[in-house]
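Structure, as structure tokens:
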Amino acid sequence: MSSLAVLHASQLITLAGPPRARFGKELGDLGIIPDGGLVVADGKITHVGKTPEIEKLCQHDTEVVNARGCVVLPGFVDAHTHLVFAGSRLEDFESRARGETYEQVAKRGGGIQTTVQATRAATEDDLFALAKKRASWFLQNGTTTIEAKSGYGLTLKDELKILRVIRRVGAETPLETVPTFLGAHAFPPEFRENHVEYISLIIDKMLPAIGHEKLAEYCDIFCEQNYFDVENSRRILTAAKQYGLKLRMHVDQLTNGGGAQLAAELEAITADHLEQTAADGITALAKTGVQPVLLPGSVYALGSKKYPDARRMIDTGLAVVLATDFNPGSSPSPSMPMMLSLAVTQMRMSPAEAITAATVNAAASLDRLDIIGSLEQGKLANFAIYDCHDYREVAYWFGVSLIRDVFVQGQKNPLNARS
Ligand code: NIG
Ligand code: FE
């Protein structure tokens, strides 16, 4: 059996540790092996250690990758993306520069509705072609698994179309996808005056169809003023659980409306955004072990100053996750290194905390910690080699990619290999 070995990494960042999400001081422990290496066979990691030990395990036909002078990190796990959409939001982008807010854009029918119109008009093949290109962006930035939400269709047919594209990206590209149903992203124009009926459509038609076809693992909602209030969110998410869907929620992004408390009450797996959440909301999340998913890209790109209170969350013992929120409106970036930069400079996380939040903790939030999130024996050989000596540089240099090579299941730069 031929194998692959990586040798001489200045720092092999293993994230080895207990097989669960990390919290408190654990977030700062990256399990670094200086002059580290690893062996891969059949797409999985078989050994991790110091280079001299790893060298001894090499056979005559082992392919050796020299990572001298480089840092090796596990593939990033991006636990919050809106991968599949069509159309452009360049008008919103420019009008925000003129002073219009995200809410004002939405009120005049721009924002999410613009993307819904374009996504409805696109075929499944159109959407796949767009998503495939974006999959290459994620891989080029060191991300090997993403969660991906529907939510720009808002009819049964169009939500199913998006979820099928998410599945197809996972099957036909090297990027692993974890699907989430977000039919409750906004009220579509045809139901603007009849919210009750759209909620019935979600509960009576969309959830059963998605449950039946097993097209999603999670259900999400935009719990926010002028979108889905706490009461409606509770109804929809309670129904979603009955179809076996686990919960992730957009809460307290624009206003502090009790979303964090609802996430705790419903025992959601994650509560995402949390820019406006106060101390009581953070305490509520801690009580039921909900993982906060912090999305600094959306704060940055909307030109807001109010980042979530990451320090309080870490000090309260929450297993913080960091993600891009990749979407055309509030966070058009697939770059996890950019999120690391924002986490350190804007949220006062240490580089080590940010890396743990973007790997192990993200994998735990997606229930995949048995196969991804760290470089340990038995896990998939998903990792990236960075052209720098110290892991902190990945967060430090921004606007430049330090990535040399990305490996998915032991295959080097697999997207280039396939196309
Ligand atoms: O997470 N907040 C709701 N959803 C996205 C934005 C979607 C859009 O503007 O298209 C978010 O920020
Ligand atoms: Fe989002």
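Kindly indicate whether Val400 is outside any loop (DSSP other than H, G, I, E, B), aliphatic (A, V, I, L, M) and either open to solvent by less than 30 Å² (accessible area, probe 1.4 Å) or in the same structural domain as Leu27 (by TED's automatic domain parsing) (or both). Talk me through it step by step, then tell me what you get.
Details: outside any loop (DSSP other than H, G, I, E, B): no; aliphatic (A, V, I, L, M): yes; either open to solvent by less than 30 Å² (accessible area, probe 1.4 Å) or in the same structural domain as Leu27 (by TED's automatic domain parsing) (or both): yes.
In short, no.
Name the single residue that is farthest from ligand 2 (Cβ to nearest atom) among those in region 300-312 being in contact (Cβ under 8 Å) with a residue 40 or more places away in the chain and part of a loop (DSSP other than H, G, I, E, B).
Gly303
Looking at the structure I just gave you, is Ala21 touching a Ser or Thr at 6+ places or on another chain (Cβ under 9 Å) and in the same structural domain as Tyr386 (by TED's automatic domain parsing)?
Details: touching a Ser or Thr at 6+ places or on another chain (Cβ under 9 Å): yes; in the same structural domain as Tyr386 (by TED's automatic domain parsing): yes.
Considered against the rule, which asks whether it is touching a Ser or Thr at 6+ places or on another chain (Cβ under 9 Å) and in the same structural domain as Tyr386 (by TED's automatic domain parsing), Ala21 comes out as yes.
A quick yes/no check of all residues on (1) modelled with pLDDT of 95 or more; (2) away from ligand 2 (no atom under 16 Å from the Cβ):
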position	(1), (2)
Gly109	no, yes
Ala118	yes, yes
Ala129	yes, yes
Leu139	yes, yes
Thr144	yes, yes
Gly153	yes, no
Glu159	yes, no
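Can you tell me which residue in region 258-287 is nearest to ligand 2 (Cβ to nearest atom), limited to those that are β-branched (Val, Ile, Thr) and open to solvent by less than 40 Å² (accessible area, probe 1.4 Å)?
Ranking the qualifying residues of region 258-287, first place goes to Thr270.
Working only within region 277-296, note down all residues that are closer than 21 Å to Met338 by Cβ and in a helix (DSSP H, G or I).
Selection gives Pro296 alone.
Residues in region 288-304 that are more than 22 Å from Glu91 (Cα to Cα), open to solvent by 10 Å² or more (accessible area, probe 1.4 Å) and out of contact with any helix residue (DSSP H, G or I) (no Cβ under 6 Å at 6 or more places or on another chain): how many?
Qualifying residue count for the region: 1.
Residue-by-condition table, conditions (1) part of a helix (DSSP H, G or I); (2) in the same structural domain as Tyr396 (by TED's automatic domain parsing); (3) within 29 Å of Asp370 (Cβ to Cβ):
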| position | (1), (2), (3) |
| --- | --- |
| Ala268 | no, no, yes |
| Ser298 | yes, no, no |
| Ile314 | yes, no, yes |
| Thr345 | yes, no, no |
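Among the numbered conditions (1) within 14 Å of ligand 1 (Cβ to nearest atom); (2) modelled with pLDDT of 95 or more, tell me where Tyr102 comes up short.
With respect to (1) within 14 Å of ligand 1 (Cβ to nearest atom); (2) modelled with pLDDT of 95 or more, Tyr102 is out only on (2).
Those residues that are in contact with an Asp or Glu (Cβ under 6 Å, 6 or more places away or on another chain), crowded, with 21+ Cβ neighbours inside 10 Å and assigned to a helix (DSSP H, G or I), I need them from region 103-160; list them, please.
Val105
Out of all the residues in region 1-17, is one or more among the hydrophobic types (A, V, I, L, M, F, W, C) and modelled with pLDDT under 95? Even if it seems obvious, please write down each step before you answer.
Step one: list which residues in region 1-17 are among the hydrophobic types (A, V, I, L, M, F, W, C), which gives 1, 4-7, 9, 12-13, 15-16.
Applying the additional criterion that residues be modelled with pLDDT under 95 yields 1.
Checking region 1-17: at least one residue is among the hydrophobic types (A, V, I, L, M, F, W, C) and modelled with pLDDT under 95.
On the given criteria, is Ala286 in contact with a Gly (Cβ under 6 Å, 6 or more places away or on another chain), within 16 Å of ligand 1 (Cβ to nearest atom), among the small types (Gly, Ala, Ser) and farther than 30 Å from Ala131 by Cα? So that I can check it myself, show each step before the final result.
Working: in contact with a Gly (Cβ under 6 Å, 6 or more places away or on another chain): yes; within 16 Å of ligand 1 (Cβ to nearest atom): no; among the small types (Gly, Ala, Ser): yes; farther than 30 Å from Ala131 by Cα: yes.
Here the answer is no, as Ala286 does not meet what is asked.
Does Thr345 satisfy the condition of being free of Cβ contacts under 8 Å to residues at least 12 places away in the same chain, more than 16 Å from ligand 1 (Cβ to nearest atom) and surrounded by fewer than 20 Cβ atoms within 10 Å (Cβ to Cβ)? Before you say what the answer is, go through the steps one by one.
Working: free of Cβ contacts under 8 Å to residues at least 12 places away in the same chain: yes; more than 16 Å from ligand 1 (Cβ to nearest atom): yes; surrounded by fewer than 20 Cβ atoms within 10 Å (Cβ to Cβ): yes.
The answer is yes for Thr345.
Before we move on, is Asn226 open to solvent by 40 Å² or more (accessible area, probe 1.4 Å), at pLDDT below 95 and either more than 22 Å from Gln291 (Cα to Cα) or within 16 Å of ligand 2 (Cβ to nearest atom) (or both)? Before the answer, list the steps.
Numbers: open to solvent by 40 Å² or more (accessible area, probe 1.4 Å): yes; at pLDDT below 95: yes; either more than 22 Å from Gln291 (Cα to Cα) or within 16 Å of ligand 2 (Cβ to nearest atom) (or both): yes.
So Asn226 passes the test.
On the given criteria, is Ser95 of a type in the set (Ser, Thr, Tyr), in a helix (DSSP H, G or I) and out of contact with any Ser or Thr (no Cβ under 7 Å at 6 or more places or on another chain)?
yes
Filter region 227-266 down to residues that are touching a residue at least 60 places away in the same chain (Cβ under 8 Å) and assigned to a loop (DSSP other than H, G, I, E, B) and give me whichever is farthest from the chain's Cα centre (by Cα).
Per the stated criteria, the residue is Leu254.
The values are calculated or read from the model by the stated rules, or taken from the named source; none is laboratory data. Small disclaimer: the values here were computed from a predicted structure and weren't measured. Using ideal geometry, Cβ is built from the backbone for each residue, glycine included, and neighbour counts are taken over all protein chains shown. The area values use the complete protein model at the heavy-atom level, side chains included, leaving out ligands, DNA and RNA. Shrake-Rupley method; radii C 1.70, N 1.55, O 1.52, S 1.80 Å.
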